[in-house]
Amino acid sequence: MNKGFFITFEGGEACGKSTQIKKLKDYISAVAKNDKFVFVREPGGTPLTEELRKYILNYEIDKPLPMTELLLFCACRHENVYKNILPALNEWKIVVADRFYDSTIAYQGAARNIMSMEDILDLTKKIIGDVKPDLTFYFKLEPEEAFKRKTGLGELDRIEKEGLEFHRKIAKGYDYIASLEKDRFYCIDASKSIDEIFEEILRVLKEKLPQIF
Ligand code: TMP
């Protein structure tokens, strides 16, 4: 049980979640509530894991084996939880994370097929204990549309370079977790406009956290 409130943003490539997180940050600054929030991303969030992020996503000289990739994401998560997320939640803050363990389930589980969802959840429990999002915004986008958007993004990282089939598997993975964890998942139609999506996010946040929004 978290003391503060833990929100995660999840979805496949080019789903628009990072744009929405930026809008949320701006909104929070405008209403002067910065001190109540901590924003993190995965992989990343600490000096070490921001360095690791570069290697995990862009190191082309010696590509990691699939299990190494999974463990690197998990190592980054361990750092992020114990150095950023848990301390903030223990101070009753609201933590907003750009990706968390649902990404590992969708990417390394469903798409790369390295481990089952159950095994990833078991491993996650060993790595970060009972820390769990209270609310997950899942940006749902047709894999074909995601693939089209991604092609217009310019320089792509190692994972973004994967093909359409990979996107389809990621989407299936997310749909599956979302169907199992209906209490915390809020599904967003990511084909809507940026402003429409932001309004929807604010509406949900106003319901869940009326004292803040
Ligand atoms: P993004 O945060 O800019 O979307 O980039 C992170 C990339 O890393 C994205 O391609 C998804 C991938 N990823 C995984 O494959 N597994 C994970 O556990 C996490 C956190 C990210």
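The values are calculated or read from the model by the stated rules, or taken from the named source; none is laboratory data. Since the model is a prediction, treat every value here as computed from it, not as a measurement. Cβ placement follows ideal geometry from the backbone for every residue including glycine, while neighbour counts extend to all protein chains displayed. Side chains are part of the model used for accessible areas, which takes the heavy atoms of the whole protein and leaves out ligands, DNA and RNA. Shrake-Rupley method; radii C 1.70, N 1.55, O 1.52, S 1.80 Å.
Descriptive notes on the structure:
- Across the chain, C-alpha contacts under 8 Å between residues 6 or more apart give a mean separation that, scaled by the residue count, equals a relative contact order of 33 percent.
- Length added when fully stretched, Leu48-Thr151, from 0.36 nm per residue minus Cα-Cα: 34.1 nm
- 5 angstrom amide H check on Val38, placed H, neighbours 5+ away: Ile94, Val95, Val96
- Amide N proximity, the range 1-22 versus Asn90 label position 7 Å along Cα-to-Cβ, cut-off under 14 Å: 2-4
- Placing pseudo-labels 7 Å out from each Cα toward the beta carbon at Glu181 and Ala30 gives an inter-label distance of 3.0 nm.
- Amide H contacts for Gly11 (H built 1.01 Å from N in the peptide plane; partners 5 or more residues away or on another chain; cut-off under 5 Å): Phe139.
- Segment Glu200-Leu123, length gained on full extension (0.36 nm per residue, minus Cα span): 24.4 nm
- The DSSP beta bridges internal to the chain are antiparallel in roughly 0% of cases.
- Accessible-area value, Phe37, 1.4 Å probe, nucleic acids and ligands omitted, Å²: 20 Å²
- Sorted peptide list for 72-81, 26-35, 172-181, criterion being average Cβ within 10 angstrom, highest first: 72-81, 172-181, 26-35
- Helical mean residue ellipticity (222 nm; -39500 (n - 2.57) per DSSP H run of 4+; nearest 500) of the chain: -15000 deg cm²/dmol
- Compactness ratio for the chain: Cα radius of gyration over 2.2 N^0.38 Å (N = residue count) comes to 0.98.
- Rounded if a/c under 1.5, otherwise prolate or oblate - the range 1-47, Cα gyration tensor axes: oblate
- In plain terms, the C-alpha convex hull of the range 57-142 casts an average shadow of 6.7 nm² when viewed from every direction.
- The length gained on full extension between Ser18 and Leu209, counted as 0.36 nm times the residue separation minus their Cα-Cα distance, comes to 66.7 nm.
- For the chain, accessible area per residue (1.4 Å probe, heavy atoms of protein chains only), Å²: 51 Å²
- Above-threshold pairs, the threshold being 20 Å between Cα atoms, out of Lys125/Lys208; Lys150/Lys192; Lys126/Lys208: Lys125/Lys208; Lys126/Lys208
- Relative to the globular-protein estimate of 2.2 N^0.38 Å, the Cα radius of gyration of the range 94-206 stands at 1.12.
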